[in-house]
1. Pairs, please: C-beta under 7 Å, at least 6 apart or cross-chain, first residue of a type in the set (S, T, N, Q) and in region 223-247, second in a helix (DSSP H, G or I) and modelled with pLDDT of 95 or more?
2. For region 222-240, state whether one or more residues are surrounded by fewer than 17 Cβ atoms within 10 Å (Cβ to Cβ) and at pLDDT below 95.
3. Just give me the residues in region 179-228 being in contact with a strand residue (DSSP E or B) (Cβ under 8 Å, 6 or more places away or on another chain) and among the β-branched types (Val, Ile, Thr), in sequence order.
4. Find the residue count for region 1-39, including only residues that are part of a strand (DSSP E or B) and either open to solvent by 10 Å² or more (accessible area, probe 1.4 Å) or out of contact with any helix residue (DSSP H, G or I) (no Cβ under 6 Å at 6 or more places or on another chain) (or both).
5. Condition test on residue 191, is it farther than 25 Å from residue 22 by Cα and crowded, with 22+ Cβ neighbours inside 10 Å?
6. Those residues that are more than 17 Å from residue 120 (Cα to Cα) and not in a loop (DSSP other than H, G, I, E, B), I need them from region 40-68; list them, please.
7. Working only within region 195-204, note down all residues that are in a helix (DSSP H, G or I) and surrounded by fewer than 18 Cβ atoms within 10 Å (Cβ to Cβ).
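The values are calculated or read from the model by the stated rules, or taken from the named source; none is laboratory data. Keep in mind it's a predicted model, so treat the numbers as computed, not measured. Cβ atoms come from the backbone with ideal geometry, glycine included; neighbour counts cover every protein chain shown. Only protein heavy atoms, including side chains, enter the accessible area calculation; ligands, DNA and RNA are left aside. Shrake-Rupley method; radii C 1.70, N 1.55, O 1.52, S 1.80 Å.
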Amino acid sequence: MSTIIYAHRGASKYAPENTMPAFELAYKHGADGIETDVQLTKDNIPVLIHDEQLNRTTNGKGFVKDFTYDELKQLDAGSWKSYHYKDTTIPTLDDLLAWNQDKQLKLNIELKNNIVFYQGLEDIVCQKLAKYKMTKHTVISSFNHDSITKIYDRKVDIDYALLSGRHNKALVPYSKKIKAKGIHISYRLLSNRLVMLANDNQLYVAVYTVNSSIAIKKAIRLGCHALFTDVPKLAIDIKKRRFTERN
């Protein structure tokens, strides 16, 4: 099994996270997939941004949920990273899915609804994935386990996984119970024992966010199904070298 390399919010070490330039750069660097975060605007447009508030990654202030998409697209979501990215906008989920039509990268869509409740977020995202025929290329994940349970209850034909940053003995049995495909864990939780326990229960393990050579090598060595990194080129190069050495 070859570990899938997801560009965490795109190639976010070098370009403004969760923007089309970051996704483009990840593609150029050879990433296997894109990880991104989705929230809803005031008018229920799914947009790609990590923080519930706009302050850190845009020149706006306030909560994403309190603005329409027309208002959000006026914001600069790139200058905070570099003047080179001035006037980069917050993309919609449609922007990413349309862009990926000819690339067919794997996608990990994180539902950012563990702090702010977004009515209907699960259904909106699933409908978009179906519209663009991206269901087979996508994993949906969330720290909000109730949200993942909603997807399970709807019996949609999309893979989904639970996110966890803390030790949780119930994570594996609960994930198996709701027919999740895997568990996405913080790197500090990664151990050979957990990977084996998950695999014994027909679950894969993906790990976030690994940016150092040591961490990337450990994730690959322990047989993680996927890893999330801000530096996809480094991870791809390490994976290629490991494949060459073993052959």
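1. 229/216; 229/235
2. yes
3. 183, 185, 195, 205, 207, 209, 210, 216, 220
4. Of all residues in region 1-39, those part of a strand (DSSP E or B) come to 4-8, 33-39.
Remaining after also requiring either open to solvent by 10 Å² or more (accessible area, probe 1.4 Å) or out of contact with any helix residue (DSSP H, G or I) (no Cβ under 6 Å at 6 or more places or on another chain) (or both): 4, 6, 8, 33, 35-37.
Adding up the residues that qualify gives 7.
5. On the way: farther than 25 Å from residue 22 by Cα: yes; crowded, with 22+ Cβ neighbours inside 10 Å: no.
Against the criterion (farther than 25 Å from residue 22 by Cα and crowded, with 22+ Cβ neighbours inside 10 Å), residue 191 does not qualify.
6. Matches in region 40-68: 53, 63.
7. First, the residues of region 195-204 that are in a helix (DSSP H, G or I): 195-200.
Listed by number, the residues that qualify are 196, 197, 199, 200.
Conditions tested, residue by residue: (1) closer than 12 Å to residue 5 by Cβ; (2) out of contact with any Asp or Glu (no Cβ under 6 Å at 6 or more places or on another chain); (3) not small (Gly, Ala, Ser).
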residue: 185; (1), (2), (3): no, yes, yes
residue: 188; (1), (2), (3): no, yes, yes
residue: 193; (1), (2), (3): no, yes, yes
residue: 196; (1), (2), (3): no, yes, yes
residue: 216; (1), (2), (3): yes, yes, yes
residue: 226; (1), (2), (3): yes, yes, no
residue: 239; (1), (2), (3): yes, yes, yes
